[in-house]
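Everything on this sheet refers to the single structure shown next.
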Amino acid sequence: MGLLRYYYIEDQKSLGAVSGTYIVNLPKEGWLVNLIARITGKNAVSDSRFGPPHHIVQKLEVVADGGSVIKNYIPKMCKGIMHLDGINSIDDKITQGNAEEQDESFYILFGGKFPDMEYGLNLGEHTNPQFKITWDDTQTTMENCTAIVAWHATTHPKLTLIAVFLENAGATPKGYVRSQYTTYTPAASATKEVEIPRGFPLRRMILRNFYQGSKEADVFDRVKLDINTGGYIPFDLRYADLLQMNAILYGLAHYQARLEYANGDAEDSKMSFYKANSPIVRGGDPLMFRLDSRAGGRIRWETMSHAGAAHSGTQPVNFSVTGIGFHHCLALPFDKVGGLAAALPTKDLSDVRLKISSTANAQTSSIAYVLWEDVVPY
């Protein structure tokens, strides 16, 4: 069966600047099961909202063989994929306060699940394997969400990178799961065709779109996977039905939030769900809030004193949020959760296209992401 070994490649390494790309050379041999990248940062401004690490990290990549892409994610999609792969996210939170520190972990799997005893990255079969992280901690707006303060200007983000290897397995990996994505700008009442590369078995595709105040359902109104020009159509569903399918296959996701708010504050969504739900919670005084998740997740806090009057100060808030479509990601899978055996063979297909229809209300200032995963054999 083999044994898992965890060790640090980088341990709280300061990235040393407010923006840039940092490259880490990976070991040259071994069965790499997954990487865990943890980003730590601080809020620079007292009494201001602090965007989580997935707001300032731009891209996570694993490349090898002269720059060939093995993994390519935006961090929000990486978090969404973690939920799809059964990895609970314990560190999704929003903080507010002076010099408030938070961190967030990103799991990058090279197999179909964790741990995968059959698939992984055989580093000895590749040349110059590298991990890359691109970040920009000067951002104050993200996907039309405002009230995000920049990270600390002198205490730069820190990277911790953990490698998980399978040792003494008595075999080598059968192959690895490769992840790549493309983007497009939605148009109203239009159909976008995305050609999916052929050659290796296709495991699943993942869609993402978010823009504060708009609905993903308008961008992904209907999604059809067309193979060989109508010869085979495994998916032809509206967004609401894809959402339900994902809820059945992957269940609800959840995370903790920790904030401080004054009465009547309105906060743009960093809640990370298409549909979200949360109980009434208490801070120092009874606290109630409204969450309009279908319109992008704007929250309005209503903080009341015990006597029923509006509270004039800020209140600490700790609560759990559950929802569907973690980080606004939805999957179109071909196999069971964690499975690779039923991946769709594409080598002999003439054409694989994802056709995505939008409504008249599609947000044309947003970005739509289409990610696909294929299984590359050794």
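Remarks
- Applied to segment 156-162, the Karplus parametrisation 6.51 cos²θ - 1.76 cosθ + 1.60 on θ = phi - 60° returns per-residue 3J(HN,Hα) values of 6, x, 10, 10, 10, 10, 10 Hz, with x for Gly and Pro.
- What the Cβ-Cβ distance of residue 347 and residue 169 gives, at R0 = 25 Å and to the nearest 0.05, is a FRET efficiency of 0.35.
- Pairwise FRET efficiency - residue 68 versus residue 367, Cβ, R0 = 22 Å, nearest 0.05: 0.35
- Amide H to amide H, with H built 1.01 Å from N, residue 362 comes under 5 Å of 189, counting only residues 5 or more places away or on other chains.
- Under-5 Å amide H pairs with residue 118, H placed in peptide plane, nonlocal only: none
- Backbone geometry of segment 202-208 corresponds, through the Karplus equation with coefficients 6.51, -1.76 and 1.60 at θ = phi - 60°, to 3J(HN,Hα) couplings of 8, 7, 6, 10, 9, 9, 8 Hz, x marking Gly and Pro.
- Legend: distances between Cα atoms for 79/215; 71/355; 59/158; 13/79; pairs beyond 18 Å are 79/215; 71/355; 13/79.
- Full extension of the chain between residue 138 and residue 360 gives 76.5 nm of extra length, using 0.36 nm per residue less the Cα-Cα distance.
None of the figures in this text is laboratory data; all of them are computed from the coordinates on show. What you are looking at is a predicted structure, and each value in this text was computed from that prediction instead of being measured. Counting neighbours? That spans all protein chains shown, and the Cβs are built from the backbone with ideal geometry, glycine included.
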